[in-house]
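Each remark here refers to the structure printed beneath this line.
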Amino acid sequence: MAGPSLFGGGQALAWSATPQALSTSAARQAETACVKAILDDPRPVKDVDESRMRPVITEARGSLVLVYLTDRAPSPSESTCYVRDGSVVGMTGSSATPQSPPAPAVAPKSALVALGEVMSTSSGSIRGVRGRVGADVVGVVFDTVAKGPVTATVREGHVALWWPDAPTTEQKENAATTPEIRGATLTLRDGSTRQVGVEELTGRTTQELTRPASGGSD
């Protein structure tokens with residue numbers, strides 16, 4: 001769960017369902033802060049070289065700049081930082097070791113994302129989705145439960161976005177049987193679109209998606 005700094009002392013986050021323009025200098029400032037936060041994290045994972053992680057997506061959306069880092073390894077480590085005014089106020093991630101299995105391939109007209117990324121205080125939550133898209137995918141709009149359609153940022157074969165939600169707890173997240181998205185609309189390179197369900201987006205069955213979790217939330 002997140003610290004109070006994420007919401008600026010209890011204030012609601014400004015937010016936009018579409019990414020906003022971000023200057024080169026602001027993007028670099030956010031990326032530098034994120035990389036430093038990853039390297040300074042006091043909880044390193046054995047056999048993981050976090051110095052290899054580089055930004056693949058940096059997007060502005062309301063109060064926060066999202067920075068999505070990956071090391072692009074066959075089994076990649078990934079992190080997402082939420083940056084406000086040049087400082088990291090929230091961070092989530094997953095680490096892979098050399099023994100981890102390779103990430104599954106993504107079909108050209110599909111996407112593969114991770115769900116369940118949430119940070120919360122008594123003031124509210126933010127939910128994030130990050131992952132990869134196929135070679136023919138140039139745009140993704142996710143149908144979120146909390147905010148409806150939200151346009152993601154797609155870049156370099158990756159996709160990311162965030163949106164605000166009501167406060168939650170680890171217990172509520174573990175007991176949840178409904179995914180935080182209903183599906184997505186993919187825009188393909190030829191201008192056509194296709195609707196995809198949560199099962200295709202996550203590579204998980206309906207039974208897996210609706211089963212209460214046994215672990216904690218981010």
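Here Thr177 does not qualify as part of a loop (DSSP other than H, G, I, E, B) and in contact (Cβ under 8 Å) with a residue 40 or more places away in the chain.
Considered as a group, the residues in the stretch 117-135 that are open to solvent by 10 Å² or more (accessible area, probe 1.4 Å) and of a type in the set (Val, Ile, Thr) include one that is modelled with the lowest pLDDT, and that residue is Thr121.
So, in the stretch 76-91, exactly how many residues are among the acidic types (Asp, Glu) and either touching an Asp or Glu at 6+ places or on another chain (Cβ under 8 Å) or open to solvent by less than 30 Å² (accessible area, probe 1.4 Å) (or both)? Looking only at that region, the number is 1. Taking the criterion of being modelled with pLDDT of 95 or more and not in a strand (DSSP E or B), the residues of the stretch 145-171 that qualify are Val145, Ala146, Lys147, Ala152, Gly157. Go through Glu173, Glu117, Glu208 for me and flag whichever is under 19 Å from the mean Cα position of the chain (by Cα), acidic (Asp, Glu) and more than 22 Å from Arg61 (Cα to Cα). Checking each option against the conditions leaves just Glu173. Comparison of Pro42, Pro74, Pro98 shows that the only residue that is part of a loop (DSSP other than H, G, I, E, B), closer than 27 Å to Leu209 by Cβ and at pLDDT below 90 is Pro74. Filtering the stretch 136-144 for residues that are open to solvent by 30 Å² or more (accessible area, probe 1.4 Å), in a strand (DSSP E or B), under 26 Å from Gln20 (Cβ atoms) and polar (S, T, N, Q) leaves an empty set. Would you say Ser94 is open to solvent by 20 Å² or more (accessible area, probe 1.4 Å) and more than 15 Å from the chain's Cα centre (by Cα)? Answer is no for this residue.
The values are calculated or read from the model by the stated rules, or taken from the named source; none is laboratory data. Values in this document were obtained by computation on a predicted structure and should not be read as measured data. Using ideal geometry, Cβ is built from the backbone for each residue, glycine included, and neighbour counts are taken over all protein chains shown. When the accessible area is computed, the model is the full protein with side chains, heavy atoms only, and any ligands, DNA or RNA have been set aside. Shrake-Rupley method; radii C 1.70, N 1.55, O 1.52, S 1.80 Å.
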